[in-house]
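For reference, the structure is listed below as structure tokens.
Please treat every number below as a calculation from the coordinates, not as lab data. For clarity, every value in this text was computed on a predicted model and none was experimentally measured. Don't worry about glycine lacking a Cβ; one is built from the backbone with ideal geometry, like all the others, and counts go over all protein chains shown.
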Amino acid sequence: MKKVLFLLILISIGCKKSTKEFTSTSDEKIAYLEKNRFDLNSSAFNFPQKDFKILGLGAYHGSAKIEDVEIKMLESLTKEGKIKYYFPELDYSTAHFFNRYLKTGNEDLLKELVVSIGFYCEQERTIEVYEKWKNLKALYDKLPKEKRFKVVGLEWIQNYKNTSKYLLELLDSSKVDFKPVEEIRDMVKKDTTHFALGDLSFAYSKMQNLVKDFKENKTVYQDNTSNPKILNHLIKTIEESFPKDQDREKMMFNNYVNLDKIYNFKENPQFIRIGFFHLEKSREGEKSYPSFFARLIENKIYKKEEVISVIGYYTNSEVVWDELYENDTYKGFTIEAGFGIGDYEKEFFRGIQNLKNTKISDKTLFRLNKNNSPYNSEPDLIEVIMPDKKSNGEKVKEMSTLDFMDYAILISNSKASKPIFEMDKK
């Protein structure tokens, strides 16, 4: 994820401008921010908007305090039963097993699932994410049953293990004894493969056999499953995992549209936690690649005001960067505290100084989308200033902050998250 995000920044064409020009503060913006800021540490915190279809929280991956921010936001949004569906950065099958964790509290299962998150983003395979899910479990248990949220995955498949296990749960083993299903059952039981994607993978070949057999015997499969609609969706996502070149945002959008037919998302507000880019409500320039949120708006799934984007920024913080291995054995990790944070002399967001000058705690939320907002004319908090490299400045120079987002959160003094494998070293 981190590499994809920085690639998007680096391939953008920009104008080199001085650091001084963009770190100077605006009296108008300072005055506005002082009137529209919230302390997420406060026991009285209440997210100011309740009327939305989907709300997203995103930031750079791998820093500890963003997990606390997410819990604070969900505590506010769920206490009135507002959130019906929760979308983590996961595929449908892995999300299914996180639902099981919320219901059972099985921490061995939780650890296994957090390890599997690394197939999507290594920086999210951390102790802090593990603890976040324990806090989500506590929050979930406190809610009345009719107000509890369901975890749903929109992502592409990055590993076949959880997909294989869920597939077997969906099928009645006493009636579906086709060879491809038996091969998958044997593969899961032995658990000696990596369940990787790609034409050299053992699991990949078994999934191809299954999809072919499903198409040839679709009626039998559908007559012997506990949920035909979900089985169809699962087979579709398995088939879409076969090509080497994947369009992630398109796949997420298509999964959303397909699952909406099952879950009726349009009538049930959702919360999504995912990386920064996916929550941008507009393209970075007319011909640029559209994010997941931009696709929801461009395809008229929702009006722009029904989609709320909350973006986190860091100052004086760290992120976990790489896991270190020796002969496939985990040895440790590296951190970054400059490039990769977004508040570094060689890579920083235009206008971040205004947030730093008006923060009231280490987790300060700023509402940017009020009618009198001064954030409707310049690309503050979107344009990345990289004095020594090309950035996205030229693409977004005629755009404004509010084209992309509604809220900013400034997170201060956040330590790097620690890989979950550090738990085994204690």
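Overview of results
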{"read-out": "Length released on extending from Lys261 to Tyr330, taking residue separation times 0.36 nm less the Cα-Cα span", "value": "20.6 nm"}
{"read-out": "Bridge type composition, the chain - antiparallel percent by DSSP, nearest 5", "value": "50 percent"}
{"read-out": "Aspartates and glutamates whose Cα lies under 12 Å from that of Lys229, excluding same-chain neighbours fewer than 8 positions away", "value": "Asp260"}
{"read-out": "Burial ranking of peptide ranges 359-365, 414-420 (average Cβ count within 10 Å, highest at the top)", "value": "414-420, 359-365"}
{"read-out": "Two-decimal Rg/Rh across the range 157-245, once Rg and the Kirkwood Rh are taken from alpha-carbon atoms", "value": "0.93"}
{"read-out": "Extension gain (nm, one decimal) between Glu394 and Asn299, 0.36 nm per residue minus Cα-Cα", "value": "31.6 nm"}
{"read-out": "For Tyr204, Tyr289, Tyr314, order by how many other beta-carbon atoms lie within 10 Å, fewest first", "value": "Tyr289, Tyr204, Tyr314"}
{"read-out": "Net length gained if the chain between Ala31 and Glu80 were fully extended (0.36 nm per residue, minus Cα distance)", "value": "14.5 nm"}
{"read-out": "Förster-model FRET efficiency, 35 Å R0, Leu168 and Ser42, C-beta, rounded to 0.05", "value": "0.15"}
{"read-out": "Gaussian network model of the chain, springs between alpha carbon atoms under 10 Å - residue of Thr315, Thr126, Thr192 with greatest fluctuation", "value": "Thr192"}
{"read-out": "Mean Cα-pair separation over length for the range 157-245, i.e. relative contact order, pairs under 8 Å, 6 or more apart, %", "value": "37 percent"}
{"read-out": "Candidates Asn369, Asn316, Asn227: whichever shows maximal mean-square fluctuation once the chain is modelled as a Gaussian network with Cα springs under 10 Å", "value": "Asn227"}
{"read-out": "Residue-averaged [θ]222 nm for the chain, counting only DSSP H segments that reach four residues, each worth -39500 (n - 2.57)", "value": "-12000 deg cm²/dmol"}
{"read-out": "³J(HN,Hα), Karplus 6.51/-1.76/1.60, whole Hz, each residue of the range 300-316, x for Gly, Pro", "value": "6, 5, 9, 6, 4, 6, 8, 10, 10, 10, 10, 10, x, 10, 10, 9, 6"}
